[in-house]
Structures are given as C-alpha cells and as structure tokens.
Amino acid sequence: YIAIYLLIRMFSVQLFFIIPVMDERDTLQELTEGILEHAHDHDAQILYINDGSSDGSGDELDRIAREYEYVQVIHFPKNRGKSAALVEGLVIAQGDVVFMMDSDLQDDPKEIPSFLVKLNEGYDLVCGWKVVRHDPIDKTFPSKVYNGFVTKLFGLDLHDINCGFKAMTLEVAKSLKLKHDYHRLIPVLVKLSGFRITEIPVQHHERRYGHSKYGMSRIWHGLRDVFRVWRESKRND
C-alpha cells in the first residue's frame, strides 16, 4: 500500500462518489470517514442519495453534510430504486473519476487507491470483483448464474457484473443511460459504447448493520433488463 500511496500522490485527481442510501443509518459516519481517509490527497466529493429511507438515514446524512464540506445529500421522498438514484448522481457528477459504492460497508474504502492505479493504466471503467463474497447462498448462487449468462451473452471478460463498487472516467459516467434497472448492467453498457473495461479483486465484508434490500424478484428484473439491452444492441448493429 505504501507504493500505491506514493504513486497516487503523483497523479492527484478529483474524485466524485455517488452512493445510494436506503435505511443504512448506522454505516454512514464510518463510510464517510473511510472514503475521505483513503482518498488521500485527492479532492474528493461525496454525493449521498437518500432513496426514501425510513430509519433516520436522512437526518444522519444531513448531520454529516453539516460536518463535512465535501458531502452533499439529495433526498427522495419515497423509494425510487438504485438506478434512479445513480441517474440523479450522474447528472451532478464532476471531476476526473467517478466512483459508485454501496452504503452498507460491505464495500471497503481502502480499495480506492487500487481502482485509481488501474484506471491510470488506460482503462475507462474498473469494476470490483468480490472474489470471496460474504452473502447468503440465496444471493450468491443466483448471482453466479447471472454473471455467467451475461458475460457469455455479451462477450465480457469479467467475473462480477453486478458489483456495486466501480470507478470510471467522467466521460464514461456521463455516457450512461440507466433506465429501468440498468445499474446491474453498467459494464455491458460501457462495453457496447466502445470503452475499455477491466476488474480488480476487492475485499467484501459481512454485513454488520441492517439487512439486504433485494429479494428473489431481482433475478427476474435482472433477466428482463438483460434481454432489453440485448435487443437494443442488435437494433444498433
């Protein structure tokens, strides 16, 4: 990490973090501190999108925004879903590198320098790959099947299509059109636009607070969107 830190300091960039939040009050202070710590000397801006939380996350985010000048908050009055939250963030995104992260602390901010090093090799999108995933089997098994199907269908050399931890250039971020629930297919959309994609292994932690917001219905929504994107890609050939 010392070598990575020294390398990152040589190429200071502006980082913009887009983080949807749905009932994750207990993670938000630690997540904010972790991002600002591991962004090192970069100019980091954090945008939290409160997606209709009902557990006090909204009040906690407002408190954090008052404490840290680098934090902004957008509140949705009701739950609109992850894609809608990311779309809101992409409109506002600025700087050099845009990160997407989940807010549950299963993504570890200490991975931020590794994403930046990989982007500096000339890639446009770097995806996280949860090599060891700490989730129940009703999430991991369908995800493994989904990843295999999508990578084969679109010819992607990735292991983890739907990892929420990603870093991309601002150009890639502004090119994304995330209708429906297309947040699951960001690597596919980026590849179809002709950008360079890779992945890095990232540490995935067990959930310490709250519970997962996704049920079995996400499988059917995910497959529906896969075929939507596939049809769109064929029409554009």
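The values are calculated or read from the model by the stated rules, or taken from the named source; none is laboratory data. The structure presented is a predicted model; accordingly, all values stated were derived computationally and were not measured. Because the Cβ atoms are built from the backbone with ideal geometry, glycine has one as well, and the counts that use them run over all protein chains shown. Just so you know, the surface numbers come from the protein's heavy atoms only, side chains and all, with ligands and any DNA or RNA stripped out. Shrake-Rupley method; radii C 1.70, N 1.55, O 1.52, S 1.80 Å.
Quick notes
- Condition met for residue 105 (at pLDDT 90 or above, open to solvent by less than 30 Å² (accessible area, probe 1.4 Å), of a type outside the set (Gly, Ala, Ser) and assigned to a helix (DSSP H, G or I)): no
- Residue check, residue 196 open to solvent by 90 Å² or more (accessible area, probe 1.4 Å), modelled with pLDDT of 70 or more and over 19 Å from residue 163 (Cα atoms): no
- Among the residues of segment 164-190, those that are open to solvent by 10 Å² or more (accessible area, probe 1.4 Å), of a type in the set (Lys, Arg) and over 15 Å from residue 233 (Cβ atoms) comprise 174, 184.
- Qualifying residue in segment 151-167 (condition: aromatic (Phe, Trp, Tyr), closer than 26 Å to residue 229 by Cα, modelled with pLDDT under 90 and part of a helix (DSSP H, G or I)): no
- The number of residues in segment 36-56 that are buried (at least 16 other Cβ atoms within 10 Å of the Cβ) and either among the aliphatic types (A, V, I, L, M) or in contact with an Asp or Glu (Cβ under 6 Å, 6 or more places away or on another chain) (or both) comes to 7.
- Close pairs from segment 173-190: first farther than 16 Å from residue 163 by Cα and at pLDDT 95 or above, partner polar (S, T, N, Q) and open to solvent by 10 Å² or more (accessible area, probe 1.4 Å), Cβ under 7 Å, at least 6 apart: 175/193
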